[in-house]
Amino acid sequence: MAPAAAPARPAAGGSGLNKKIGGVPTWAYGLVAVAIIGGVMYVRHKNSAAAAAAAAANGAGSTSGTQMATTPYQPVDTSGAIGSDTLAAILASQGAGSTASQSTPAQTNYTPPANEVAQGGGYMSQNRALPISDSAGNQYVQINSAPPAKGQPSAASEAQASGQTLYYQPVPGIFLVAPSSGPGVWNLAGGTPLFVRAN
């Protein structure tokens, strides 16, 4: 007797979107993917709307573009600061390589400038026309930060091109050289006031 022929297998499941993968049509996988993506987008939107509502309720929201918060400078109380003798004892107890040196400011009666406001990555005087002095007696003048006319270089670019060193004031009364990565490019937060030495 001849062996019985095996029953014919049905086709592997259609073509295109009806083709079956794991017994499920391809369009069903697409439907599941769309449902997951839609769910994620819904949850994100719901969370961002709740955060915006909370910010508006706290008064933290701003809808007027690029406003910068300004905070008046308040002098720091240093009456409880560690003295250099105490610091030297602490460093000595930490072992070899620890050093302490006493630094003496150039002016012992120096008072940091008052009435300064934070802007960008630094501080500026509320009266931009007056120079600001550091503890060594150097005076600095803020340069014009207004956008130049179309096609004209900024005041900072002109100062840099003329060989002047540009400074910024990260803390009232402390001036550091403004880091630059090329002509007219400063690696500082937007809106940071720039200064040149006046003496």
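The table that follows gives values for the structure above.
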{"quantity": "Answer residue from region 21-71, given it is closer than 22 Å to residue 126 by Cβ and surrounded by 11 or more Cβ atoms within 10 Å (Cβ to Cβ) and is modelled with the highest pLDDT among those", "calculated": "70"}
{"quantity": "Leading residue by the ranking (nearest to the chain's Cα centre (by Cα)) among those in region 147-199 that are more than 26 Å from residue 136 (Cβ to Cβ) and in contact (Cβ under 8 Å) with a residue 40 or more places away in the chain", "calculated": "190"}
{"quantity": "Count - residues of region 162-197 that are at pLDDT 85 or above, out of contact with any strand residue (DSSP E or B) (no Cβ under 7 Å at 6 or more places or on another chain) and over 21 Å from residue 117 (Cβ atoms)", "calculated": "2"}
{"quantity": "Residues (under 12 Å from residue 195 (Cα atoms) and either assigned to a loop (DSSP other than H, G, I, E, B) or of a type outside the set (Gly, Ala, Ser) (or both)) located in region 149-172", "calculated": "160, 164, 165, 166, 167, 168, 169, 170"}
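The values are calculated or read from the model by the stated rules, or taken from the named source; none is laboratory data. Being a predicted model, the structure only gives us computed values, none of them experimental. Backbone-built Cβ (ideal geometry, glycine too); neighbour counts: all protein chains shown.
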